[in-house]
1. On average, how much area does the Cα convex hull of chain B cover when viewed from any direction, in nm²?
2. Test of understanding: in a Gaussian network model of chain B with alpha carbons linked when under 10 Å, which of B:PRO145, B:PRO110, B:PRO90 would top the mean-square fluctuation ranking?
3. Would you mind listing how long the protein assembly as shown runs along its three principal axes, going by Cα atoms, in whole Å with the largest first?
4. From the backbone phi of segment A:28-40, what are the Karplus-calculated ³J(HN,Hα) couplings (6.51 cos²θ - 1.76 cosθ + 1.60, θ = phi - 60°) in whole Hz, Gly and Pro given as x?
5. How about chain A: which GluC sites (Glu not before Pro) there lie in a loop by DSSP and see at most 14 other Cβ atoms within 10 Å?
6. Taking only DSSP H segments of four or more residues, each worth -39500 (n - 2.57), what value at 222 nm results for chain B once the sum is divided by all its residues, to the nearest 500 deg cm²/dmol?
7. Taking chain A, which trypsin sites (Lys or Arg not before Pro) meet the DSSP loop condition and have no more than 16 other C-beta atoms within 10 Å?
8. Quick one: Karplus J couplings for segment B:102-119, per residue in order, coefficients 6.51, -1.76, 1.60, θ = phi - 60°, nearest Hz, x for Gly and Pro?
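Please treat every number below as a calculation from the coordinates, not as lab data. Note that the structure is a prediction, hence the values are computed from the model and not measured. All Cβ positions, even for glycine, are placed from backbone atoms using ideal geometry, and neighbour counts span all protein chains on display.
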Amino acid sequence: MMLTVAVDQEGFLLDHTEWTRELAEEIARENGIETLTPRHWQVVEFMRDRFITTGNAPTIRALGKESGVPVKELYQLFPKGPAKLAAKIGGIPKPRGCI
Amino acid sequence: MTGILEEPQVAALPTKTIEKVAIVCSKGSLEGIYPALIMANGARMEGIEVDLFFTFFGMDAIRKDRQAKIKVATVGNPGMHMPTLLGALPGFASLATRMMSRQMEKLDIPPIPEYVEMIADSGAGIYACKASVDMFGLTKEDLIPQVTGIATVGEFYELAAGGQIIFT
């Protein structure tokens, strides 16, 4: 089934409240991740929580230290950039930080 | 008189994305090393393949004995906007370094040792320049464990092949 939501040019959701877990699975597949494992979910949920509570996506440093998934594993789970990809799958805007 | 111009021969267009970078870090001091680390980490965050090469005093960033002691250059640094003599006062470089480090911590920029480790964990290659290692009389033992290897200039170019080279 195709899910229809509004996204920006790079495929990030415009409204994070439209996000669902099924949608996350679909975005993941479109970005080369066939199945979201519990470790993927841990990262995606951490990103979402952080964004919803603070208004900002965490830095990769914070992600590595506080999500419970170390930096090395983050890059294994999301080879094309953990922060960017986890944000996309989590339905939040693209992180804008340099760090 | 008018004529028909020959159709220009266009080579295959380069790709619009950068897939790989080799970053050379050649300067010691805090402001010499951070730009290279920020560029490297930023590239990995975008999924770009990265190799980092440390040469001359840039190698301080991967030397066990110096990595945690890197300071801002307060002398001979026009960017400090203050008299050189003031920058030469004892303790001044440490003070400036503390101030800058505090500012960076606020932005969640890690201290150099943690940053290098994080970049290595992200899958970047970390290399020391062979000429510099020899010049300073060092061995691999003097370098942090995250160092992938010691590379000659030729090996550097081999590793950099097909990507962009950034010199800092």
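1. The orientation-averaged projected area of the Cα hull of chain B comes to 15.5 nm².
2. B:PRO90
3. Projected onto its principal axes, the Cα set of the protein assembly as shown covers 69, 67, 41 Å.
4. Karplus-based 3J(HN,Hα) across segment A:28-40 equals 4, 4, 4, 9, x, 10, 5, 10, 8, 7, x, 5, 4 Hz.
5. Details: sites: A:GLU10, A:GLU18, A:GLU22, A:GLU25, A:GLU26, A:GLU30, A:GLU34, A:GLU45, A:GLU66, A:GLU73; in loops: A:GLU10, A:GLU34.
Passing sites in chain A are A:GLU10, A:GLU34.
6. Result for chain B: -10000 deg cm²/dmol, rounded to the nearest 500.
7. Listed in order of number, the matching sites are A:LYS80, A:ARG96.
8. 3J(HN,Hα) across segment B:102-119, in whole Hz: 5, 4, 5, 4, 4, 8, 6, 8, x, x, 3, x, 5, 5, 4, 5, 4, 5.
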